[in-house]
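The values are calculated or read from the model by the stated rules, or taken from the named source; none is laboratory data. Because the structure is predicted, anything quoted here is derived from the model rather than measured. Positions of Cβ are generated from backbone atoms using ideal geometry, with glycine treated the same way; all protein chains shown enter the neighbour counts. To get the accessible areas, we keep the full protein, side chains included, count just its heavy atoms, and leave off ligands, DNA and RNA. Shrake-Rupley method; radii C 1.70, N 1.55, O 1.52, S 1.80 Å.
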Amino acid sequence: MESRYNPSVIEEKWQQQWAEQGVDLTPETTDKPKFYALSMFPYPSGNLHMGHVRNYSITDVIARVRRMQGYRVLHPMGWDAFGLPAENAAIDRGVPPAKWTYQNVAQMRSQLQRLGLSYDWNREVTTCSPEYYRWTQWLFLEFFKAGLAYQKEAAVNWDPIDQTVLANEQVDSEGRSWRSGAKVERRMLKQWFLKITDYADQLLNDLDQLAGWPERVRLMQENWIGKSIGAEVVFKTESGDDLPVFTTRPDTLWGATFMVLSPEHPLVEKLTTKKQSKVVKAYRAEAATKSEIDRTAEDREKTGVWTGSYAINPVNDEKIPIWIADYVLMGYGTGAIMAVPAHDQRDFEFAKKFDLPIKVVVQPVDQAIDADSMTEAYPHEGVMVHSGALEGIPAGKGAGQSIEAAIQWLEKQGKGKGTINYRLRDWLISRQRYWGCPIPVVHCPSCGIVPVPTSELPVCLPEEVDFTGRGASPLAQLESWITVPCSSCGTPARRETDTMDTFICSSWYFLRYPDAQNDKQVFDSVKTNDWMPVDQYVGGIEHAILHLLYSRFFTKVLRDRGLLNFNEPFKRLLTQGMVQAAAYKNPTTGKYIPPSQIADLADPKDPATGEKLTVVFEKMSKSKHNGIEPAQVLSKYGADTARMFILFKAPPEKDLEWDDADVEGQFRFLNRVWRLVTEFAESHSSSNSIDTKEPRTNDQGQMTKDEKDLRYAIHYAIQHITEDLEGDYQFNTAVSELMKLSNALTDAKCKDSPIYAEGIETLLKLLAPFAPHIAEELWHSLGYTNSVHHKLGVLPIDLR
């Protein structure tokens, strides 16, 4: 055994031995309690960053602890491998997306293995592999059979120069195409949707089952689903067409003085008079160039035009003008709103700008409001006025108050009904892209939409494809792939050329890991139901809504299809904080300066202007020149040091500030542990080591004071580190306790005592989940032949 701590040697040694011995393979037996530990799988960009290292180190500690506690552990890894970057690489570099992706997977897998992560690589999944997306397609057909997958027209981003559909990420902040620079337009195309709205109530109500999730994530999902209780009211146009609206304030109908439709509303053309046609056409064209975020921004000036037509307010038969405005979206509610400017600030601003009438129907109990003197809307409770049957009723949501009374009146008069609306919209899954999972249907002129028979899955992506970045999707241009016979009638038909949103692939991958090699079915339900739900899921807060919501949706649908027997996929969720590093910013220009260009980092100045730079800790990124390459840290200090720093520097849910000095500090600590244990091993034969299989007693009568003090320190560490590894996972304080125990052993005056030997072994057992390589090496130096990562009792004794 080397006298000097050499992490590169011992880490490579143990990674090889663990792989050969299958130490991290998932048990097939079910005789022990299970624990499923999972990190959100990465997109294979080609290089790990420190955010990856933090995420995976956290989950690895949890998995290793559970193995040592006697659980059977499933801890897998895979790749979320479809996506736009691979297609861009094909356009820019002429590299086929599959080749680019698999090269990146191989490189990142090697990088992950250097970290000593205890993955069962036999269960690796890659979503772009036909062996995986065969089952993604099979699941799509299950949704289709259940009536949960359908096609309808929806807006897309259209590049008029390249004549192609753009993803949102390909549209810059000014609404221009990333490639051609053209002003992006909104066009209507037939696209595929999944009916997530059918599960809105379940997705909302079952949030109560997720006690192991951060409260803010549950709140984010609740707000995204956006349940609203109100009424649907039908206005009539002068020509007799219905204009249904949903409102949460039906009591204010008497104050509605105009209507606003989305520019995309199907009745706009019919409602537009000849006199207004030119301005309406121009406005609709302008609205088509704007993103939904731009259109609905609260601080944006309101715009709109009158159609020239009127609607009839159903509660008082008054004629009110019908406008169009881009802040009303066709995808939300009915695409039409009634505007009550006296009691809604957005409507108030619109009315003021376009000189539309304002009518007060709610006012404080003891104070009348003059509409002409209003400077802002009055959205508060009070008493109803100028409101027909609601006159004098208290305004509010409570029993007997105005909202309830308005719904009752509308239903009695046959002019509306109480209903529930959701902010959540059906999930648009179509992508006009090549590098995604093909949608397994054909379009037959005789039969309509026909599912591809399951025996013919997967529908594979063709390989001989040209990537230009212009025109329709490469799939839509490949006639030899598109034209196929209809499986129902034999008539020449055409394949669907859209591919699926990559969120589809990541919405079920965790269900595949328990049975990843199954080539006969999507998974064996017995195996997946045994391992699920995931006991601990770890990932970034940026996935708090879409990925987690879609995964919950998939789980509920597959439960209803008889494949699963549980309601929620993730029992506990940990959203780790970001990894930040110092960045040097010119406060005048906002430009970030690379540290390599700064003469004195203690007194940083802009090398071009001499201005003093501001030092800010921000998320690591290339644009801010503050990224730290994991490979550099591993080469200099080793994986165990990197892990220890990541885990010690901050609680897992907090942002972490990178500090080279603290990394060095962890390296020094591991060197101290190395010296401590190797000195003990050299001075004691393995026969003198404590047999950890023998029960320890609480007989302190024969101990010296030094022995009692040391044993107290040992079991204090065991107790507190165990507590830190449960509940909220306070890894930082656990590492601190390891340091205290190491110090206690260093200062101990009873180094020949069995208590000291017990302390040395306990230190290694407690260290093992955090720094697995050095712990294993030192454990074997004590004469052990089994792994320190196997079940080993480290239970505290009550020494009070």
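A few notes on this one:
- Amide hydrogen neighbours beyond the local backbone of residue 656, cut-off 5 Å, H modeled: 578, 579, 580
- Highest to lowest packing among 420-429, 249-258, 729-738, 584-593, scored as the average C-beta count within 10 Å: 249-258, 729-738, 420-429, 584-593
- Linear extension gain, residue 611 paired with residue 298, 0.36 nm per residue minus alpha-carbon span: 109.0 nm
- Segment 117-138 and segment 316-343: distance between their alpha carbon centers, rounded to Å: 48 Å
- Taking every alpha-carbon pair under 8 Å whose residues sit at least 6 apart, segment 1-85 reaches a relative contact order of 39 percent.
- Dipole of the chain, positive end: most advanced residue of 117, 297, 575 [Cβ charges, Cα centre]: 297
- Shape of segment 454-518, Cα gyration tensor, a/c cut at 1.5: oblate
- Normalising the average separation of contacting C-alpha pairs (under 8 angstrom, six or more residues apart) by the number of residues puts the relative contact order of the chain at 15 percent.
- Ordering 338, 739 by accessible surface, largest first, gives 739, 338; the 1.4 Å probe counts only protein heavy atoms, with every chain in place.
- Gyration tensor verdict on segment 128-278 (Cα atoms; rounded if a/c is under 1.5, prolate if a/b is larger than b/c, oblate otherwise): oblate
- Per-peptide packing, taken as the mean over residues of other Cβ atoms within 10 Å, places 538-545, 747-754 in the sequence 538-545, 747-754 from highest down.
- Farthest toward positive dipole pole in the chain [+1 Lys/Arg, -1 Asp/Glu at C-beta], among 386, 283, 450: 450
- Checking every one of the trypsin sites (Lys or Arg not before Pro) in segment 268-310 against DSSP loop status and a limit of 10 other Cβ atoms within 10 Å picks out 274, 275.
- Rounded to whole numbers, the Karplus 3J(HN,Hα) couplings from phi for segment 359-368 are 10, 7, 10, 9, 8, x, 4, 10, 8, 7 Hz, using 6.51 cos²θ - 1.76 cosθ + 1.60 with θ = phi - 60°, and x at Gly and Pro.
- Counting DSSP beta bridges with both ends in segment 526-637, the antiparallel % (nearest 5): 65 percent
- Whole-Å distance, taken between Cα centres, linking segment 196-247 and segment 497-547: 26 Å
- A full extension of the chain between residue 236 and residue 601 corresponds to an added length of 124.4 nm, given 0.36 nm per residue minus the alpha carbon distance.
- The chain: angle of helix 50-68 to the longest principal axis, Cα-based, in degrees nearest 10: 60 degrees
- Residue 164 long-range amide H proximity, modeled H, under 5 Å: 159, 471
- Working note: Karplus 6.51/-1.76/1.60 with θ = phi - 60° gives segment 606-622 the couplings 5, x, 8, 10, x, 5, 6, 8, 8, 9, 10, 8, 9, 3, 4, 7, 5 Hz, where Gly and Pro are set to x.
- Placing unit charges on the Cβ atoms only, positive for Lys and Arg and negative for Asp and Glu, gives segment 43-116 a dipole magnitude near 440 debye about its Cα centre.
- Qualifying chymotrypsin sites (Phe, Trp or Tyr not before Pro) in segment 628-687, where qualification requires a DSSP coil assignment and no more than 13 other C-beta atoms within 10 Å, are lacking entirely.
- Taking every alpha-carbon pair under 8 Å whose residues sit at least 6 apart, segment 73-218 reaches a relative contact order of 19 percent.
- Axis of helix 345-354 versus longest Cα principal axis of the chain: the two differ by about 40°, to the nearest ten degrees.
- Top positive-direction residue, dipole computed over the chain with Cβ charges, set 129, 81, 266: 266
- Placed amide H near residue 449: partners under 5 Å, 5+ positions off or other chain: 444
- Those aspartates and glutamates that a straight Cα-Cα span of less than 19 Å connects to residue 397, excepting residues fewer than 8 apart in one chain: 232, 251, 344, 381, 411
- Accessible surface of segment 491-648 [probe 1.4 Å, protein heavy atoms]: carbon and sulfur percent: 52 percent
- Using a probe of 1.4 angstrom and keeping all protein chains present, the accessible surface of the chain works out to 44 square angstrom per residue.
- Cross-link pairs exceeding 30 Å between alpha carbons, from the set 99/622; 649/705; 274/353; 152/619; 227/624; 99/636: 649/705; 152/619; 227/624; 99/636.
- Listed by chain and number, the lysines whose C-alpha is less than 25 Å from the C-alpha of residue 32, apart from same-chain residues fewer than 8 away, are 527, 571, 693, 765, 791.
- Helix 84-93 axis, angle to the chain major axis (alpha carbon atoms, nearest 10°): 80 degrees
- Cα gyration tensor, the chain - rounded (a/c under 1.5), prolate or oblate: prolate
- Within the shell defined by Cβ-Cβ distances under 13 Å, the residues around residue 767 carry a net charge of 0, with Lys and Arg each +1 and Asp and Glu each -1.
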